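Taken together, the values in this text are just the output of simple stated rules run on the coordinates, not laboratory data. Predicted model only: the values in this text are computed from it and were never measured. With ideal geometry, Cβ positions are generated from the backbone for all residues, glycine too; neighbour counts draw on all protein chains shown.
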């Protein structure tokens, strides 16, 4: 990833992000089930590596396993950035429990 791209992502995302290479994610767009990998995650969104193209403004329902065995996290997400090898999303309507789980995971060393 180019330094300018890293800087842009850091400046545009309102929360610290945590690399989490290869966390599987299923997402549904227009009634199609797709799969990708979460490459980094924050309390507000994630960067997804994928094979199918999504564009800014697209919506997806995303499901991934959370990190404390409370079950999967399922949320609606809006694509905010298209990247060469994926896309970045902003999570919509996370529950307070989901927000807490993400915050604990991101704070882990």
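Things to note:
- Full-extension gain in nm, residue 51 to residue 76, via 0.36 nm per residue minus C-alpha separation: 7.0 nm
- Scattering profile of the range 34-93 at q = 0.18 Å⁻¹ [log10 I(q)/I(0), Debye over alpha-carbon scatterers]: -0.57
- Extension reserve of the residue 15-residue 30 stretch, reckoned as 0.36 nm per residue once the Cα distance is removed: 2.5 nm
- Placing R0 at 35 angstrom, the Cβ-Cβ distance between residue 58 and residue 107 gives a FRET efficiency of 0.70 after rounding to 0.05.
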